[in-house]
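Where a number appears in this text, it was derived from the coordinates with a stated rule and is not lab data. All figures in this text were calculated on a predicted structure; none of them were measured in a lab. Here the Cβ positions follow ideal geometry from the backbone for every residue, glycine too, while neighbour counts run over all protein chains shown.
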Amino acid sequence: MKKKVVFLIGGLKFGGMERVVFIANQLLKDDFETTIVTLYKAEAEYNLDFDVYDLNLPPNSGKVNKAINMIKRIKSVKEMKRDLNPDAVFSFGMYPNYLNSLTKGKEKIIMGIRSYDWLTKPFTTKALDKWIVNRADSVNSVSKVIAEEAERTWKIPLDSNRVIYNPYDIDHIECLAQEEMENNIFRPECFNIVSAGRLADQKGYNHLIKAFSLVVQEIPKAHLFILGNGDKKETLKKLLNELGLKNNVTLLGGKSNPYKYMKKADLYVMSSLSEGFPNALVEAMAVQTPILSTDCKSGPREILSLENYNKVATDMEVCEFGVIVPPMSGSCNYDGKYIEECEEKLAEGIIFMIKNRELRKILGEKSKNRVQQFSYSLFKESLIKELNSVCPK
């Protein structure tokens with residue numbers, strides 16, 4: 001008889017965390033009896049091709065309503081566990097992790113830590129977070145940096161603190177990357193740079209745009225394309241107008257196939273303030289586009305360098321699989337007149353990459369071998385090992 005595994009998530013917005021759950025569900029369905037349980041479906045941005053157990057409890061505003069909603073969710077998760085009788089419940093996100101822990105019964109529970117921010121910003125209090133997390137049978141982190149920080153923060157026993165990297169369908173990405181772009185938006189006379197992510201403070205696009213204003217002073221034909229939607233779109237537009245970059249920076253919005261833009265770009269830049277394990281960076285590597293990234297926590301250095309993943313750059317570094325620049329300050333300053341040292345360092349890195357064609361070629365070629373470490377097959381193997389360890393026969 002197959003073991004029953006539940007994947008517990010918040011909403012159905014198609015972000016990096018949800019994507020990993022959908023892939024895990026698909027890869028394990030022949031070996032386990034799997035079910036995706038969501039607290040609510042209201043955020044679904046696509047047509048589901050699989051069944052979802054919906055608790056139908058979307059978020060509420062206001063302290064009293066939030067407290068009531070928490071009680072309802074605890075009750076619903078308990079009822080779900082009685083209904084499905086799973087051997088293991090694998091939760092993703094701090095809210096689902098809490099619900100999984102507080103409703104623990106005879107089933108084994110696995111917590112997925114997907115973002116470095118969850119470690120630096122307590123969900124409740126540090127002491128309560130520690131108690132909640134240590135009720136888990138296993139804590140699964142998306143990077144070594146997160147795993148080590150989780151051990152320091154919550155004193156998780158090492159034998160239950162494991163790392164499983166995000167999975168990528170390399171062949172599928174390469175296939176989609178061959179699709180033609182509309183209207184030939186990449187002009188051949190320009191040096192075309194792509195970045196992809198939510199238009200939110202965390203992605204550091206204010207820093208990238210201000211850095212790019214310095215780049216075009218030296219290389220006027222550089223052009224930056226940003227893929228993504230978010231609540232900072234209008235703020236970023238104002239910043240572009242203020243800096244006179246309307247002809248050098250294009251906000252393309254969200255794209256169902258970002259890979260064709262990554263493939264045809266001369267450089268991929270990631271300017272994030274923090275990450276868990278940056279999907280878009282690995283996807284750009286899968287289509288052999290050279291990478292420049294901020295040295296944020298966590299993921300970029302672990303992906304781009306084979307050396308000490310706890311090191312933090314103080315200047316530009318050429319690593320085995322990409323170039324790293326110092327972290328952004330995280331100031332969330334959208335004043336174009338205020339240029340920070342970190343933005344100057346980012347600009348220097350971009351200019352360096354533009355001027356070093358041979359290095360870009362070498363890094364692009366090396367990327368293909370590196371991303372094989374994040375394949376579907378290795379992810380599936382790691383998941384099966386994890387579940388069999390937590391739920392032995």
Original post:
With contacts defined as alpha carbon pairs under 8 Å and 6 or more residues apart, what's the relative contact order of the chain in percent?
Top reply: 14
**OP:** Find how many whole Å separate the alpha carbon centroid of the range 103-177 from the alpha carbon centroid of the range 321-393.
**Re:** 20
Original post:
Percent relative contact order of the range 170-373, based on C-alpha pairs within less than 8 angstrom and at least six residues apart?
Top reply: 24
Original post:
Okay, helix-only estimate at 222 nm for the chain: each DSSP H run of n ≥ 4 adds -39500 (n - 2.57), divide by all residues, round to 500 deg cm²/dmol; what do you get?
Top reply: -12500 deg cm²/dmol
Original post:
Amide H of Ile36: which non-local residues (sequence gap of 5 or more, or other chain) have their own amide H closer than 5 Å, using H built in the peptide plane?
Top reply: Phe7, Tyr53
Original post:
What's the angle, to the nearest 10 degrees (0 to 90), between helix 233-243's Cα axis and the longest principal axis of the chain?
Top reply: 20
**OP:** Once you've got the GNM for the chain with C-alpha springs shorter than 10 Å, pick whichever of Asn56, Asn65, Asn369 has the biggest mean-square fluctuation.
**Re:** Asn65
**OP:** Could you state the angle between the C-alpha long axis of helix 144-154 and the longest principal axis of the C-alpha atoms of the chain, as a value from 0 to 90 degrees rounded to the nearest 10?
**Re:** 50
**OP:** Could you state the angle between the C-alpha long axis of helix 357-370 and the longest principal axis of the C-alpha atoms of the chain, as a value from 0 to 90 degrees rounded to the nearest 10?
**Re:** 10
Original post:
Among the aspartates and glutamates, which fall within straight-line cross-link reach of Lys130, defined as a Cα-Cα distance under 17 Å, with same-chain neighbours fewer than 8 residues apart omitted?
Top reply: Asp117, Glu148, Glu149, Glu151, Asp159
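Rounded, prolate or oblate, given the Cα gyration tensor of the range 327-393, with a/c below 1.5 counting as rounded?
The shape class here is oblate.
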Original post:
From the phi of every residue in the range 290-305, what ³J(HN,Hα) in whole Hz does the Karplus formula 6.51 cos²θ - 1.76 cosθ + 1.60 yield, where θ is phi - 60° and glycine or proline is x?
Top reply: x, 10, 10, 9, 5, 8, 7, 8, 10, x, x, 5, 4, 7, 8, 10
**OP:** Please identify, among Gly299, Gly336, Gly112, the residue showing maximal mean-square fluctuation in a Gaussian network model of the chain using a 10 angstrom Cα cutoff.
**Re:** Gly336
Original post:
Just Lys121, Lys366, Lys210 to compare: in a GNM of the chain, with alpha carbon springs under 10 Å, which one fluctuates most?
Top reply: Lys121
Original post:
Spin-label point model (7 Å from Cα, Cβ direction): what's the Asp83 to Ile384 distance in nm?
Top reply: 3.1
Subject >> Burial ranking of peptide ranges 223-229, 265-271 (average Cβ count within 10 Å, highest at the top) >> reply: 265-271, 223-229
Original post:
For the range 170-373, what proportion of DSSP beta bridges, expressed in % and rounded to the nearest 5, is antiparallel?
Top reply: 10
